Amino acid sequence: MRRVSGLISVLLFLVAFPLVSHVSAQSGVPTPESVFGYQAGADFFLASYDQSLDYFQALANASDRVELMEVGRTSEGREWYIALISSAENLANIERYKEISLRLAKPDGLTDGEARALASEGKAIVHIDGGLHATEVAGHQHTPQFAYDLASGDGNPEIEAILDNVILMLWFSMNPDGQNMVSEWYHSNIGTPYEVSSMPALYQKYIGHDNNRDGYMLSVPESRVVTRVVREWEPQILYNHHQTAPFPARIWIPPFAEPVSEFVHPLMWRQVNLLGMSMAQALEERGQTGAVHMGTGFDNWYPGFIDHAHNFHNVTSFMTETGLYRYATPHFYTIADFPSRARDLRPQSLYASPWTGGWWRLRDAVEYMVTASFSVVDAAAKYKFDFLYNRYQAARDVITTYRNGPPYGYFVPQEQRDPVAAVELLRRLAFNGIDVYQLESDVQFEGRTIPANTWVMPMDQENANFLRQLFAVQDYPDLRQYPDGPPDQPYDVSGWTLPYQMDVRVIEAAAPLNEEVRAAMNLVQGEASPWDSDVADAEPFDSPLGVGYNTNPVAAGILPLPGRASGGGSALAVDAAQNNAFKAINRAWREGGRVRFQAGTAGDSGVAGSTGRYIITNLNSTNMNAIVRDYALQAERTSAAGVSIRQPRIGLYRPWRASIDEGWTRWLLERYGFEFSSVYNHDVIAGDLRDRFDVILISDLSSGLILNGFAKGSVPPRYVGGIGDEGVRAIDEFVRAGGTLVTWNSGSLFAVDQLHLPVENVVADIARDEFFMSGSLLAMEVDPSHPVMSGMPDRSKVFVSRSPVFTVKEDFEGTVLAKYQTAGSPLLSGYLLGEEHLHGYASALDVHLGEGHVVLLGMRPQWRGQPFGNFRIVFNAALYTAEMAAVGPENSAFWAPPEETAESEGEGQQGRRR
Ligand SMILES: [Zn+2]
């Protein structure tokens, strides 16, 4: 780590700032300053995770109220610790309090009286963390101060009451890798013109800001570590700090804006609101003005926020957003900086003490956060019995509700188009605390035979709301900004239905599970591995499935149908409908095998054709069998057929203005064993791309970001700019010389505009109140005879989010791979306004340009690592070289432009678009 001693000259300019402490200092307990050399939250100083860990170790050594606990490893393999803070007596009896917490969380068989006794005896277990968005720095900078205040508060009755009644699990850093990165970046720029510049990298190895969107998929180790620990301890409260207050408010706190999730026990919302209101009161008591609630920004609809995902498990979970300038650099605001609506400084019911401007320092944000965190443990202490007993009541009610009403459960058959996708889904659910059973024999249920080995998830379990929220079809409510006003549109995505995204066939039990089903159900139990394996899939992925989820015994026991290869022959045909086929292909190449592509056949007019497939050759039988076994492939032994394809040289464009979608693409390609290189701006501008690459992928990036990148003066010079005109020419030359450019969502608009493709985005200019396609699942008609769509069903469920919709111009040469239906709504789950703007248009194209191809995808096929049913579109496209294109059938009859477009080519369409 870069040391901070060189910064003294900068720090001489600091304005002295009084320490506002909530408690009197006690000798013997080290202050943050004694370890950092600076006060927590001082101007121009950001403690790294390593420094924080040093501080917490010193604190734990000095205080019998603080213990450190190692919880796992980060994506970069760093040891990750949290602090347990409570009275010495509570810490000595911690196993008993953990046991009570778990028993109340899983209440089957418990009477109300027994639960009351346990709630009286138990202590409130509270998770508070330093925030997982590493550039929202006050979160991880406030935790040392908060811990110090608690540990040094001997004799203060408020603090004694807290420590007697609460066991605080303080995640002093929720993103240790990111905290180190940000601290290092900031300190390297202090005193330069780039002091507050953006970091040219994601603050989580793959997913950056989406580390708060991974709360149910748990794709990265950090998400799994948090969820595993939450399930091991079952705290009653989970509080996650953020730092993006709606300006000029200084802190946003619950209640949340509308809409909130459908399947949450109402006590959770009530308790979130209680904590929010007591927090506002605490801030006001300390003269910390500018707290605001609700508003239109922060709704609680998407269940993937880590600060929301646990509400479905009856853990009262929430977040706050404190004001941030940038890093630890202070900033002065005047009323003139405020938006006009806020300049009157009018007290409002939920914004009672408007902030009047002035200096805003990191220390201010730290102190607001310390007050906020204090107020939560204070309320937890005061309402200790209620939080524990209500945890029990919520769980009891959930079980009763689903015992007496539908859905009563879900069956997931082993036989699936992609059998491993079902395992991937169920392992995640099990890791999230869902009990998964398996049938030991065939059973009769509702007039059908459900075969042995089918997985069953009965809904009369305490975490059933979580399961329901992920399996249900989302119908985003029709909210208006004001009565009869324009629609109030989603803050984040609106539809995520997991069986659709992962294309897993699920049978919902609309009737109670009968005796026969119950008798045949066995709880899945496997061999759980130690948590060190959390980190295993942070390594480039070349492992069999499921690594990282095996720390949960149920997840470890969910196994796919064993791999098998029917037929005979020296070659192995693998079905692109199984995502693991691509792991197999990539491994075959690494082991010296060869891969062939056997084209599908074109369909009739307007109809999809039959799918192509991949054939692995030139491997010995032992290696072939190992591939089938390791990846649980349902494959076929055959003779070599089709055209031989070389392993493509794949490049993934990686901008300095770090892109989460690029990160997810990297994550996906690594997990499936693709070899590829990151392509930076200078690599593109250097030209001769065709000499180095066969396929280049551009994720969901805007043209402005790709072309211009960071503006001059905003970041250190080496990170300035994008690919510019030179880069565009290089990409154009690459494609014309026979390369394949694969783009999706906004990236495809970059290709259309910059390469002057004869394609148009028909929804480009439609007003948001007339057409809006938020993150949702839509039906598309797909032609699997095109190599890029190999293995996709004719009618596919595809994830879109503000995606382009295509038609073609007269000089278009190429093929349409996917299209929207001509009538009715294609919406499967989520929110879609103006379905008529989609009717009959194309959603994916293969455009011929010179000797090469541009694949345009109007969708997000690897969105947040979730649509397992769409991943293969990216995989096929990454392999789509000239050899494959040459044998793919040209199914030109699959699509024709809708009537209106043909008539209005080049002109007007004023009545339909604006
Ligand atoms: Zn945040």
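The values are calculated or read from the model by the stated rules, or taken from the named source; none is laboratory data. Source: prediction; values computed, not measured. All Cβ positions, glycine included, derive from the backbone under ideal geometry; neighbour counts span all protein chains shown. Keep in mind that these areas ignore ligands, DNA and RNA; they rest on the heavy atoms of the full protein, side chains included. Shrake-Rupley method; radii C 1.70, N 1.55, O 1.52, S 1.80 Å.
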Checking Thr289, Thr320 in turn, the sole residue that is of a type in the set (Ser, Thr, Tyr), modelled with pLDDT of 95 or more and open to solvent by 10 Å² or more (accessible area, probe 1.4 Å) turns out to be Thr289
The number of residues in the stretch 459-478 that are assigned to a loop (DSSP other than H, G, I, E, B), farther than 16 Å from Tyr500 by Cα and either out of contact with any Phe, Trp or Tyr (no Cβ under 8 Å at 6 or more places or on another chain) or not acidic (Asp, Glu) (or both) is 7
Expected single match for of a type in the set (Asp, Glu), open to solvent by 40 Å² or more (accessible area, probe 1.4 Å) and under 30 Å from Pro330 (Cα atoms) among Asp64, Asp50, Asp43 is Asp50
Of Val816, Val782, the only residue that is within 17 Å of Glu899 (Cα to Cα) and not acidic (Asp, Glu) is Val816
Query raised in the report: In this structure, is Ser173 surrounded by fewer than 22 Cβ atoms within 10 Å (Cβ to Cβ), outside any helix (DSSP H, G or I) and among the polar types (S, T, N, Q)?
Result: no
(Q) Asp164 - would you say it is away from the ligand (no atom under 16 Å from the Cβ), touching a residue at least 40 places away in the same chain (Cβ under 8 Å) and open to solvent by 10 Å² or more (accessible area, probe 1.4 Å)? (A) yes
Exception for Gln469 within (1) closer than 25 Å to Asn580 by Cα; (2) touching a Pro at 6+ places or on another chain (Cβ under 9 Å); (3) crowded, with 20+ Cβ neighbours inside 10 Å falls at (1)
Within the stretch 429-451, residues touching a residue at least 40 places away in the same chain (Cβ under 8 Å), open to solvent by 10 Å² or more (accessible area, probe 1.4 Å) and either within 34 Å of the chain's Cα centre (by Cα) or over 13 Å from Glu516 (Cβ atoms) (or both) come out as Gly433, Asp435, Tyr437, Gln438
Does the stretch 101-109 contain at least one residue that is open to solvent by less than 10 Å² (accessible area, probe 1.4 Å), more than 21 Å from Val66 (Cβ to Cβ), more than 16 Å from the ligand (Cβ to nearest atom) and within 28 Å of the chain's Cα centre (by Cα)?
yes
Within the stretch 323-348, restricting to residues that are more than 16 Å from the ligand (Cβ to nearest atom) and open to solvent by less than 10 Å² (accessible area, probe 1.4 Å), the one that is farthest from Gly276 (Cα to Cα) is Ala328
In the stretch 190-205, anything away from the ligand (no atom under 16 Å from the Cβ) and open to solvent by 10 Å² or more (accessible area, probe 1.4 Å) is listed as Ile190, Gly191, Thr192, Pro193, Tyr194, Glu195, Val196, Pro200, Ala201, Lys205
### Task
State whether the residues of the stretch 785-803 include one that is among the polar types (S, T, N, Q), open to solvent by 10 Å² or more (accessible area, probe 1.4 Å) and under 30 Å from Asp418 (Cβ atoms).
yes
Sole miss for Ala641 among (1) more than 27 Å from Val735 (Cα to Cα); (2) open to solvent by less than 20 Å² (accessible area, probe 1.4 Å); (3) of a type outside the set (Asp, Glu); (4) in contact with a Lys or Arg (Cβ under 9 Å, 6 or more places away or on another chain) is condition (2)
Selection over the stretch 234-270 where residues are away from the ligand (no atom under 16 Å from the Cβ) and open to solvent by 10 Å² or more (accessible area, probe 1.4 Å) yields a count of 11
The condition from (1) crowded, with 21+ Cβ neighbours inside 10 Å; (2) under 29 Å from the mean Cα position of the chain (by Cα) that Ile159 misses is numbered (2)
Considering residues that are of a type in the set (Val, Ile, Thr) and not in a helix (DSSP H, G or I), the number found within the stretch 378-437 is 3
Result of the Cβ filter at 7 Å on the stretch 102-122, keeping first residues that are at pLDDT 95 or above and partners that are open to solvent by 50 Å² or more (accessible area, probe 1.4 Å) and of a type in the set (Phe, Trp, Tyr), at least 6 apart or interchain, is Ala119/Phe385; Ser120/Phe385
Reported set for the stretch 219-232 where residues are open to solvent by less than 10 Å² (accessible area, probe 1.4 Å), more than 16 Å from the ligand (Cβ to nearest atom) and modelled with pLDDT of 95 or more is Thr227, Val229, Val230
Within the stretch 114-156, residues in a loop (DSSP other than H, G, I, E, B) and either open to solvent by less than 10 Å² (accessible area, probe 1.4 Å) or within 12 Å of the ligand (Cβ to nearest atom) (or both) come out as Gly122, Gly130, Gly131, Leu132, His133, Ala134, Thr135, Glu136, Val137, Ser152, Gly153
Per the filter on the stretch 848-862, residues open to solvent by less than 10 Å² (accessible area, probe 1.4 Å) and in contact with a helix residue (DSSP H, G or I) (Cβ under 7 Å, 6 or more places away or on another chain) are Gly852, Val854, Val855, Leu856, Leu857, Gly858, Pro861, Gln862
